[in-house]
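Below: one structure, written as structure tokens.
Where a number appears in this text, it was derived from the coordinates with a stated rule and is not lab data. These numbers were taken from a predicted model, which means no experiment stands behind them. Here the Cβ positions follow ideal geometry from the backbone for every residue, glycine too, while neighbour counts run over all protein chains shown.
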Amino acid sequence: MLPGTPPPVVKKDMRLNKGLFITFEGGEGVGKTTQVARLVERIAATGLNVKNAREPGATPLGEEIRAWVKGEAGTTPTAELLLFAAARAQLVADFLKPNLSRGGIIVLDRYVDSTVAYQGYGRGLDIEQIDAVNRVATGGLMPELTILLDAEPSTGLGRVDAAPTLFEASGNVPSGKRLDPENERRFEREPITFHEKVRNGYQELAKEGGRWCVIRADQPAHRVADAIWKRVRPLLIQRGVDSELLYRKQAKHS
Ligand code: TYD
């Protein structure tokens, strides 16, 4: 900025001409929740309209389904697939499409790739069938950017299990550990081989390139957050957001 140039005005609740849809993916305990919150905070600080949600959840049906699929009662893999799909269909209709069509920014914790990684690679369901179910649930709505937080399953699960891990040693868990209630840890309790298959699934998906951005999750949270911001910023600039606004906020955060 030239000396004497006034800083750009931060208007509240600014909307883009075209919505922006970003998803986060990864195995258990890789720090998605923390990173979603940090990204949302950074975008909101520019005055842009941004909302986040998690899958399954964010609609009354999604929250009911969440309790079912995470609970101990158990479902067959196919029932599980269809439950996640039902939650997603509701989310697309009630939350994603309306917000994106109004030029909002959505940051979503898990989406279609979770189903391919967990129910496909993890549980062994047919991936082409999963793709077909996902297409029905989403009507083809796909994110422009997918951030994959990648870490060894033993590292992430250690965090979920409340054991001291690299994440805490590196300050990657600013608000403490996230522990689900005892009766909602069905996925966390799967054997390590299941989580290795899920990780491998994500890595296979990310080979497609394009919308994928893979970030190592076993580094300090502020580094992960900066790497994410570097990928998001150009998408906002492309949509006409004043780059001065985006760089100024980054300096304040790092
Ligand atoms: P959650 O507490 O949100 O886990 P995390 O914090 O790791 O995202 O629980 C959601 C669980 O559901 C998680 O273990 C992954 C699993 N899941 C699937 O198996 N398939 C899916 O399509 C989705 C969206 C989630």
Non-local amide H neighbours of Asn52 (under 5 Å, H modeled in plane, Pro and chain starts lacking H): which ones?
Val107
For segment 23-29, in order, what is each residue's ³J(HN,Hα) by Karplus, 6.51 cos²θ - 1.76 cosθ + 1.60 with θ = phi - 60°, in whole Hz (x at glycine and Pro)?
10, 10, 9, x, x, 5, x
Please list 3J(HN,Hα) in residue order for segment 30-40, calculated via the Karplus relation 6.51 cos²θ - 1.76 cosθ + 1.60 where θ = phi - 60°; whole Hz, with x for glycine and proline.
7, x, 4, 4, 4, 6, 4, 4, 5, 5, 4
So which of Lys32/Lys230; Lys12/Lys230; Lys32/Lys70; Lys51/Lys97; Lys18/Lys97; Lys18/Lys51 end up more than 20 Å apart, counting from Cα to Cα?
Lys12/Lys230
Let me know the shape class of segment 20-253, please: from the alpha-carbon gyration tensor, a ≥ b ≥ c as square roots of the eigenvalues, rounded when a/c is under 1.5, otherwise prolate if a/b is greater than b/c, or oblate.
oblate
Two-site FRET efficiency, Ile237 against Asp131, from Cβ-Cβ distance with R₀ of 30 Å, rounded to 0.05
0.40
Measure off 7 Å from each Cα along the Cα-to-Cβ vector at Asn17 and Ser154, then give the distance between these two points in nanometres to one decimal.
5.2
What ranking do 39-51, 92-104, 69-81 get when scored by the average of other Cβ atoms within 10 Å per residue, highest first?
39-51, 92-104, 69-81
Can you list the HN-Hα couplings for segment 112-124, worked out from phi with the Karplus curve (6.51, -1.76, 1.60; θ = phi - 60°), rounded to whole Hz and with x for Gly and Pro?
3, 5, 4, 5, 5, 5, 7, 7, x, 5, x, 8, x
Inter-label distance, nm, simple model (7 Å from Cα along the C-beta direction), Glu188/Lys207:
3.2
Segment 16-94 and segment 97-161 have their Cα centres apart by a whole-number Å value of 9
